[in-house]
Amino acid sequence: MPRGGAHFSSEELVRVLSRYDIGIVHRVKPLTAGSRRAPKVLVTADKGVFLLKRRPRGRDDLQRVTFAHAVQQHLAGRSYPVPSLLTTTDEPTTALSLENHIYEFFHFVTGSRYDGSLEATREAGRQLALFHKHVADVGGREEPSPLCFHDSALVRRHLKLIGGARATAGGRGPGSTRVPSPLVAVVQELLLRYDKSSVRVNELRFGTWKRQLVHGDWHPGNLLFAGHKIVAVVDFDSIRRAPPATDLANGMLQFSIVAEGADPSDWPAHFDRDRVLQFLAGYREVIRLSERKRYGLVDLMIESMIAEAVLPVAATGSFGQHSGLDFLRMILRKTKWLRRHRRDLREAMLQ
């Protein structure tokens, strides 16, 4: 288990596993994938191999977890590839609330990670469209988060919060010149680009686009493959109601970003154009997309990229293990590339 990460105690595992009918437990192995705030273990027992997860603080609202589970069970009923949830033995629930924690227990699915191929990229787009198709009619009293990265006051507030640090160069004495720090300069450019993309999307009458359930976090780490076919879609923590085009744009972004090496400072500005278009082509195999929505996808990609970067940087000053400044500089390079290639990408998307 990574240092500083959340973990299960032995007593906790005994209490939780005793609530499920899985037979004798033979082995419990910690898993380090995903958020360190959400401990996970692989459980091998008489009745199979399972994955136990404890929800992290901030994502442990029982009503929202129950809603997410209902969505997963709805998808399973449509033969969509999601891991099966187990119910507890004493009451028919898949969200176990025990001693101020919430637990989820799944049948473990064996699969491989996204290999970057065009075939797997197209499959990821197609499965996102099938997801949208299958959940289009899902309702319920317990609504998921309404937050959306487009034209978001929260995103702007966090950008201004980062810029508000106003680290300056040149000193503060009499006659000194206050020069905006590199971080402030980067944030100002990102805010300008975010605002311009928001305006362009709104000019396409975004407010009239139909809202429905979307996944909210469609990226390679949340998909398992067998060859080029998806065998499991995981992590429904971010489901929300928004126009499906926002999910599509974020997916196109996540599956085409070029990240070479561990240091974002070394990442190139460009995206993989072929993967952008293959993801969209896979989506369009299932769902027709109006010309207006296709026209707005590049600007939605820009908004999504900025939104995903600034929230953790505003909270901690960094993005994971990376310097906040270096990471935001990389985001700025890539948004500039999308801006320069908007016309070419749009023309290809409109075909």
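Laboratory data are not the source of any read-out in this text; all were calculated from the coordinates shown. Since the structure is predicted, the reported quantities are computational estimates derived from the model, not experimental observations. FYI the Cβ positions are ideal-geometry reconstructions off the backbone, even for glycines, and counts take in every protein chain you see.
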- Bins of 5 Å from zero: percent of alpha-carbon pairs in the range 47-160: 2, 9, 14, 17, 19, 17, 13, 7, 2, 1, 0
- Task: Arrange the following residues from fewest to most other Cβ atoms within 10 Å of their Cβ: Met349, Met305.
- Result: Met349, Met305
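Of the listed peptides 125-134, 79-88, what is their order by residue-averaged count of other C-beta atoms within 10 Å, with the highest listed first?
Highest to lowest by the protection proxy: 125-134, 79-88.
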- Message: With angles folded into 0 to 90 degrees, how steeply does helix 297-316 sit against the dominant principal axis of the chain? Use alpha carbons for both and round to 10.
- Response: 80
- Can you put Val313, Val28 in order, fewest other beta carbons within 10 Å first? Val28, Val313
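Based solely on its DSSP helices, what 222 nm [θ] is calculated for the chain when runs of n ≥ 4 H residues each add -39,500 (n - 2.57) and the sum is averaged over all residues, nearest 500 deg cm²/dmol? Before the final figure, lay out each step's value.
Details: 11 runs with 147 residues, N = 351.
Calculated mean residue ellipticity at 222 nm is -13500 deg cm²/dmol.
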- Per the Cauchy relation, a quarter of the hull surface: what is the mean projected area of the convex hull of the alpha carbons in the range 118-349, in nm²? 14.3
- Task: Excluding residues on the same chain fewer than 8 positions from Lys334, give the lysines whose Cα lies under 17 Å from its Cα.
- Result: Lys196
- Message: To test your reading of the geometry: what angle, between 0 and 90 degrees and rounded to tens, separates the Cα axis of helix 62-77 from the longest principal axis of the chain?
- Response: 80
- Message: Just to confirm the number: angle between the C-alpha axis of helix 182-202 and the first principal axis of the chain, 0 to 90 degrees, nearest 10?
- Response: 80
- Message: Sort 328-340, 271-283, 218-230 by the packing proxy (mean of other Cβ within 10 Å over each peptide's residues), most packed first.
- Response: 271-283, 328-340, 218-230
- Query: What is the sum of charges around Val286, taking Lys and Arg as +1, Asp and Glu as -1, for the other residues whose C-beta is under 14 Å from the C-beta of Val286?
  - Reply: +3
- Per-residue Cβ neighbour rank within 10 angstrom, fewest leading, Ile257, Ile306: Ile257, Ile306
- Task: Work out the charge dipole of the chain with +1 on the Cβ of Lys and Arg and -1 on the Cβ of Asp and Glu about the Cα centre, then indicate which of Ser9, Ile230, Phe105 is farthest towards its positive end.
- Result: Ile230
- Message: Let me check I've understood the local charge: for Val41, count other residues with C-beta under 13 angstrom from its C-beta, Lys and Arg +1, Asp and Glu -1. What total comes out?
- Response: +3
- Reachable lysines, given that their alpha-carbon falls under 26 Å from the alpha-carbon of Lys133 and they are not under 8 places away in the same chain: Lys210, Lys229, Lys293
- Note on the structure: For Ser256, the net charge from surrounding residues (Cβ-Cβ under 9 Å; K, R +1; D, E -1) works out to 0
- Under 16 Å from Lys53, Cα to Cα: aspartates and glutamates that are on another chain or at least 8 residues apart: Glu11, Glu12, Asp61, Glu99, Glu104, Asp235, Asp237
